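The values are calculated or read from the model by the stated rules, or taken from the named source; none is laboratory data. Because the structure is predicted, anything quoted here is derived from the model rather than measured. All Cβ positions, glycine included, derive from the backbone under ideal geometry; neighbour counts span all protein chains shown.
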Amino acid sequence: MKIGIIGAGNIGGTLGRLWVQAGHHVRFGVRDPERVLPLLDELGSGASAGSARAAAAYGDLVVYAGPYGAWPEVAEDILSSIQGKTVADAANPYPERDGAITDIVARTGRGAGLYTAGLLPGAHVVKAFNTIYWLDLRDKAFAPGRLLAMPMAGDDAAALRAIADLATDAGFEPVVIGGLDRSGDLDPGSPIYAKSFTADQVRAALALNSNHHGDRS
């Protein structure tokens with residue numbers, strides 16, 4: 001699969017590395033492509049870099065891993081390139097970094113995933129890859145014995161299946177917690193945020209019933 005990743009920092013760069021290792025092709029969308037040349041050299045022919053719009057146009061599927069406060073500007077830039085596509089939002093709103101948008105999301109009381117979806121009409125938004133600490137994303141993929149969970153929320157079944165497949169390819173167990181109306185359970189401050197939980201621990205922490213078994217049906 002061709003994946004556009006907007007952002008090449010701790011989360012975006014680590015996901016890109018895991019997916020290239022799994023056989024996917026990645027284009028990073030960054031302001032300064034030269035900044036990621038060492039990463040591109042490491043990943044070889046499976047990775048390239050360009051603008052955010054170029055990454056969004058390239059990907060069969062798009063992942064946003066930049067600062068949450070930049071979402072409105074980025075959304076406007078990529079909107080024409082993501083119509084009908086699945087977009088995974090891996091960003092988190094932090095007051096000290098993202099400012100007013102954090103208050104706006106908090107006032108809705110519905111979670112960052114729904115706010116993101118409102119910025120991207122025509123895309124299938126899935127909130128995912130945002131709850132795990134990046135060092136665990138890097139170091140605990142394919143954890144022996146019991147995979148760590150990758151919680152996600154979304155309203156489109158096909159989009160959830162696609163993101164769940166990518167979570168599996170990265171070495172984690174996908175856990176669908178519900179629709180985007182539950183995306184607040186993935187935001188900073190939730191019981192599972194920045195926790196390296198197994199799937200069973202995620203379900204217990206969020207009081208999910210047994211049929212939320214990371215299924216892709």
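Kindly evaluate ARG138 against the criterion of being in a helix (DSSP H, G or I), out of contact with any His (no Cβ under 8 Å at 6 or more places or on another chain), within 25 Å of ALA106 (Cβ to Cβ) and not aromatic (Phe, Trp, Tyr).
Against the criterion (in a helix (DSSP H, G or I), out of contact with any His (no Cβ under 8 Å at 6 or more places or on another chain), within 25 Å of ALA106 (Cβ to Cβ) and not aromatic (Phe, Trp, Tyr)), ARG138 does not qualify.
Taking interchain pairs and intrachain pairs at least six residues apart, which have beta carbon atoms under 7 angstrom, with the first residue in region 43-59 and touching a residue at least 24 places away in the same chain (Cβ under 8 Å) and outside any strand (DSSP E or B) and the second among the polar types (S, T, N, Q) and surrounded by fewer than 18 Cβ atoms within 10 Å (Cβ to Cβ)?
From region 43-59, no pairs qualify.
Could you tell me which of the residues TYR58, TYR94 is within 21 Å of GLY122 (Cβ to Cβ) and among the hydroxyl-bearing types (Ser, Thr, Tyr)?
Exactly one residue qualifies, and that residue is TYR58.
Here is a yes/no grid of residues against (1) aliphatic (A, V, I, L, M); (2) in contact with a strand residue (DSSP E or B) (Cβ under 7 Å, 6 or more places away or on another chain):
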site	(1), (2)
ALA143	yes, no
ALA153	yes, yes
ASP156	no, yes
LYS195	no, no
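Starting from residues that are basic (Lys, Arg) and at pLDDT below 95, keep the ones in region 183-217 and report whichever is farthest from VAL63 (Cα to Cα).
Among them, the one singled out is LYS195.
Considering region 26-47 alone, what residues qualify as being surrounded by fewer than 19 Cβ atoms within 10 Å (Cβ to Cβ), out of contact with any His (no Cβ under 9 Å at 6 or more places or on another chain) and not aliphatic (A, V, I, L, M)?
Selection gives ARG31, ASP32, PRO33, GLU34, ARG35, PRO38, ASP41, GLU42, GLY44.
Could you grab me the full set of residues in region 1-25 that are buried (at least 22 other Cβ atoms within 10 Å of the Cβ), part of a strand (DSSP E or B) and of a type outside the set (Gly, Ala, Ser)?
ILE3, ILE5, ILE6
Out of region 144-167, which residues are at pLDDT below 95 and among the small types (Gly, Ala, Ser)?
Across region 144-167, the qualifying residue is only GLY145.
Can you tell which of ALA90, ALA117, ALA112, ALA65 is of a type outside the set (Ser, Thr, Tyr), more than 21 Å from MET1 (Cβ to Cβ), at pLDDT 95 or above and within 15 Å of the chain's Cα centre (by Cα)?
Answer to the selection: ALA117.
Has region 89-109 got any residue that is without any contact (Cβ under 8 Å) to a residue 24 or more places away in the chain, surrounded by fewer than 23 Cβ atoms within 10 Å (Cβ to Cβ) and assigned to a loop (DSSP other than H, G, I, E, B)?
Checked region 89-109: no residue is without any contact (Cβ under 8 Å) to a residue 24 or more places away in the chain, surrounded by fewer than 23 Cβ atoms within 10 Å (Cβ to Cβ) and assigned to a loop (DSSP other than H, G, I, E, B).
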